[in-house]
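Heads up: the structure comes next, in structure tokens.
The values are calculated or read from the model by the stated rules, or taken from the named source; none is laboratory data. A quick note: this is a predicted structure, and the numbers were derived from the prediction, not measured. Glycine gets a Cβ as well: all are built from the backbone with ideal geometry, and neighbour counts include every protein chain shown. Areas reflect the complete protein model, heavy atoms only, side chains present, ligands, DNA and RNA absent. Shrake-Rupley method; radii C 1.70, N 1.55, O 1.52, S 1.80 Å.
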Amino acid sequence: MIGDSLTLGIMLIRKRHAFGGPCAGRLASVIVSLFLFAPIVLGQIAPISPTPGWRQPPVGTGACSVEKSCAEVAPSMIQSALRPSPLEENLRYLTDSIGGRMTGSPEADRAVGWAVEALRHAGVDEIHTEKFTIPAGWSEGRTHVEVLVPQAFPVRATSIGWSPRTPEGGITSGVIDVGEGDDAGFAKAGDAAKGAIVLVHTKVLVTWEDLDNEYVVDRAIIERAAKAGVAAVFWMSTRPNLLLYRHTTTVDGQIESIPQAVVAREDAERIARFLASGQKVRVRFEMPNHISGPAEFENVVAEIRGREKPDEFVLLGAHLDSWDLGTGALDNGCNVALVIDAARVIHASGVIPRRSIRFVLFTGEEQGMLGSWAWARMHRAELDRMVAAVIFDSGTGPVTGYSLSGRKDTLAAVREVLEPVKSLGVKDFTLDAALDTDHADFLLEGVPTLEANQEVTNYMVNYHAASDTFDKVDIGQVKTNVAIAAVSAYALADAPARIGLRQSRAEIEQLMKDTGIDNEIKLEGQWSAWEKGERGRQP
Ligand SMILES: [Zn+2]
């Protein structure tokens, strides 16, 4: 109580000083403040709250050790995240006004410009963009598929992302069923697959595992198809009710080797029934995709500078790019809005973390994490000072914890440092690992990573689909996730000790073996990039 009124007194003196002549003003203000505060000192009326924007100097060491600072800092950050904020309006603008924003597209350019302004409004200290080059630009033309024989009907289909176009005039050929596209399926098809369009059956997408599998398994199927000399691949949609989505298996932004399309599940099953009944199916397939050469693109980078060790930093990130069939609300607009709002929350708290916090909105994620790969490469000299990469890219579901991607050595420290968000449900710290979003290249550089584990909720059915729109986002839950992201980033940046150090190349390679990531990289054709030091920590 006393402290407060004293502080207030000093504040009033400072304020008035701004307006009147120096001496007169000073005398007047002393009289006024005495007049005003007597009653308060005597405890009769409530003190006036400090003026907005006034920055409270760091509290003591401000160390976010479990019992001290988080008690002071975390609750107010959580409240700030849950209160009315620009989050919903930001997301509405990003999805409804800008919409699907594929890397290399004019919409993605607009999104970069918008994100810079949105982060500026959030109050960060510094903001800029960083350019990188993507190997090829891509957009879909007017895709047309129709069955000619045995029964003519139009087929609903969309191109695989970064798929080559069909030859001039399109493809008119038979369709061959290769089952789930495994060795047995191609063996059964035999020579009939050569020069034909093969139909690959799929399971409906339900779990995170299904999603990761879709990338690893599909890569192998494409290799079998290429070996068999097929003309094109039709993927049965993994979603019901004619829903189409953009899928790709490119992991380095290169154009795929074979023309491929996702075919509506009901249409694919109709074709499969004709084939199963022994009838031949012929289709006409035209897919005049637009492909351009290397193009420059940008990541958006902002920072809140640390007070004690500003050169050490935590990165809180999400990808800004999306596919183009929907408006990229669940993937990943809601987490773009989350990163921007976490910056607002940390800034608004008025406390300055021990180390810096960098807020990065990557692009090129859907084409193989190209933006975060470029970021890791460009900032290699700083990675020894990087505390952790904290990445959100799993939609709008409740956060249950973080995946530490095999870094057992960081588990105890992470659990302790993130104690303040336990009450928000952040309890499960897992050691599973997959190279499925923007933490991947930091993992391969040996930096500790925290990938938010979230409940599936409505993510799978809408994943990369035309239905990924603003209405699918649970704003209330995203606000809670903002609180978790802000306190997590702050806690990691302010903790007396770092959660773990950067691994050596040998340690990273051992981790890849222990977690099975080495197989994933080999299947995705990226092992030679690792061996040559094009991707991951330098030899
Ligand atoms: Zn994503």
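Can you give the accessible area of PHE274 in Å² (nearest 10), computed on protein heavy atoms with a 1.4 Å probe?
For PHE274, solvent-accessible area is about 40 Å².
Take the alpha-carbon centre of the stretch 376-444, take the same for the stretch 518-539, and report the distance between them in whole Å.
Each part reduced to its Cα centre gives a spacing of 21 Å.
Please report, as a whole percent, how much of the solvent-accessible surface of the chain comes from carbon and sulfur atoms (probe radius 1.4 Å).
57
Around GLU312, which amide H atoms from residues at least 5 apart in sequence, or from another chain, sit under 5 Å from its own amide H, with H modelled in the peptide plane?
Result for GLU312 returns SER356.
For ALA412 and ALA276, compute 0.36 nm times the residue count separating them, minus their Cα-Cα distance, and round to one decimal in nm. Intermediate values should be presented prior to the final figure.
Numbers: separation 136, 0.36 × 136 = 48.96 nm, distance 5.53 nm.
Gain on stretching ALA412 to ALA276: 43.4 nm.
Which value, in Å² and to the nearest 10, is the accessible area of HIS379 when all protein chains are kept and the probe is 1.4 Å?
Probe radius 1.4 Å; accessible area of HIS379 about 20 Å².
Cβ under 14 Å from GLY170's Cβ, GLY170 left aside: what net charge do those residues give with Lys, Arg +1 and Asp, Glu -1?
Neighbour charge sum, excluding GLY170 itself: +1.
What list of ³J(HN,Hα) values in whole Hz, one per residue of the stretch 424-429 in order, does the Karplus curve 6.51 cos²θ - 1.76 cosθ + 1.60 (θ = phi - 60°) give from phi, with Gly and Pro shown as x?
9, x, 7, 10, 8, 9
Among TYR245, GLY476, SER105, whose Cα sits farthest toward the positive end of the charge dipole of the chain (+1 at Cβ of Lys/Arg, -1 at Cβ of Asp/Glu, about the Cα centre)?
In the chain, that residue is GLY476.
In sequence order, what are the phi-derived ³J(HN,Hα) couplings for the stretch 104-112 according to the Karplus relation 6.51 cos²θ - 1.76 cosθ + 1.60 with θ = phi - 60°, rounded to whole Hz, with x for glycine and proline?
Result, rounded to whole Hz: x, 8, x, 5, 5, 4, 4, 5, 4.
All other residues with a Cβ under 9 Å from the Cβ of ALA495 taken together, and with Lys, Arg as +1 and Asp, Glu as -1, what is their net charge? Walk me through the intermediate numbers first.
Numbers: positive: ARG354, ARG355, ARG498; negative: GLU416, ASP494.
Around ALA495, the surrounding residues sum to +1.
Taking a probe of 1.4 Å, how large is the accessible area per residue of the chain, in Å²?
Values: 21870 Å² over 539 residues.
Averaged over the residues of the chain, the accessible area is 41 Å².
List the equivalent ellipsoid semi-axes of the chain in whole Å, largest first, each obtained as the square root of 5λ for an eigenvalue λ of the Cα gyration tensor.
On the way: eigenvalues 548, 115, 75 Å².
Semi-axis lengths for the chain are 52, 24, 19 Å.
Looking at the stretch 227-377, what % of the alpha carbon pairs are farther apart than 25 Å?
The calculated P(r) of the stretch 227-377 puts 50 percent of pairs beyond 25 Å.
Output ³J(HN,Hα) for the stretch 197-212: one whole-Hz value per residue in order, computed from phi by the Karplus curve 6.51 cos²θ - 1.76 cosθ + 1.60 with θ = phi - 60°, and x for Gly and Pro.
Listing the rounded values in order: 9, 9, 9, 10, 7, 9, 8, 5, 6, 10, 10, 4, 5, 4, 5, 4 Hz.
Could you tally the net charge around GLU507, taking each other residue with its Cβ under 12 Å from the Cβ of GLU507, Lys/Arg +1 and Asp/Glu -1?
Here the charged neighbours net out to +2.
Taking the stretch 129-201, which trypsin sites (Lys or Arg not before Pro) meet the DSSP loop condition and have no more than 14 other C-beta atoms within 10 Å?
Of the trypsin sites (Lys or Arg not before Pro), the ones in loops of the stretch 129-201 whose Cβ has at most 14 other Cβ atoms within 10 Å are ARG142, LYS194.
Taking the full set of protein chains and a 1.4 angstrom probe, give the accessible area of MET102 in square angstrom, rounded to the nearest 10.
10
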